[in-house]
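Data first, discussion second: the structure below is written as structure tokens.
The numbers here are math on the coordinates, done by the rules we state, and not lab data. What you see is a predicted model, and the numbers here were worked out from it, not measured in a lab. Note that each Cβ is placed from the backbone with ideal geometry, even for glycine, and that neighbours are counted across all protein chains shown.
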Amino acid sequence: MHERVYDELRRSLLQGHYAAGQSLTIRGLAATLGTSEMPIREAIKRLVAERMIVQLSNRTFQVPELEWAQFEELTSLRISIEGLAAKRAVPNMDDALLGKLTRLNATMKAGLQNNDRALVLRSNQEFHFALYAASGSPLMVELIEMLWMRSGPYLAEAIQKIDDANFFFARASDIHDTLITALIARDEEAVFQALKQDLWSTASWYKDRIDMARSHPPDIAPMTFIRFSGDR
């Protein structure tokens, strides 16, 4: 159970369910995930050690906030490593994987149409990691996961606070279409450029709109989380 809770919290950070600067409590997380406090406490200890969250007090924690310079550096690292993984995936493309990527992008579009932002976040993450897994490098995928856990909270802040978040993700989905076309053509450079456009346009969009949102913070609707059916 402890490992399951840890994996769920990691996945929530990675997919952008927790916003930068958001406070977390052991009791609140236990209620959200439908589990007891013990596995939450153990998972939190691991995430603090990994510097994915910071401890404020004995029972209160916070998702780290990134200054723009840090996020810019993070984006540059992501472009380098994720771009390499995407290029290495090109020779391993087959109809099954291309079909999976196409379906995930269609799911992302459906989430946008239904204003289901949790589905949009999940399908976006699954799209990217299905591509990176095809690189055949578990180490690279592990490094990418760590970078996504750092950038995911910034995504959460944007998607919760910004009115035109759906417009942004529609643009990202269109870039995914371009990426799929490049994969079909087995054009490694075109794949890299599409991924670079996806990540860098995302970073620029975040900066402009988060600066605005932090100056004029609106009411934030809570995200919907999956509850465990096991330990309580």
Pairwise Lys count, segment 68-215 - Cα closer than 23 Å, eight or more residues apart or different chains: 8
Nitroxide proxy distance, nm - points 7 Å out along Cα→Cβ at THR178 and ARG59: 5.0
Packing-based order for 40-48, 12-20, using average beta carbon neighbours within 10 Å, highest first: 12-20, 40-48
Reference-scaled alpha-carbon Rg (2.2 N^0.38 Å with N residues) for segment 6-50: 1.06
Under 5 Å, built H, 5+ apart or other chain: amide partners of LEU24: PHE61, GLN62, VAL63
Segment 63-93 versus segment 1-20: alpha-carbon centroid distance in Å: 20
Residues ALA130 and ARG41, FRET efficiency given R0 of 45 Å [Cβ-Cβ distance, rounded to 0.05]: 0.85
Full-extension gain in nm, GLN70 to ARG51, via 0.36 nm per residue minus C-alpha separation: 5.4 nm
Residue-span extension gain [LYS207 to ALA96] - 0.36 nm each, minus C-alpha spacing: 36.3 nm
Extension reserve of the GLN193-GLU3 stretch, reckoned as 0.36 nm per residue once the Cα distance is removed: 64.7 nm
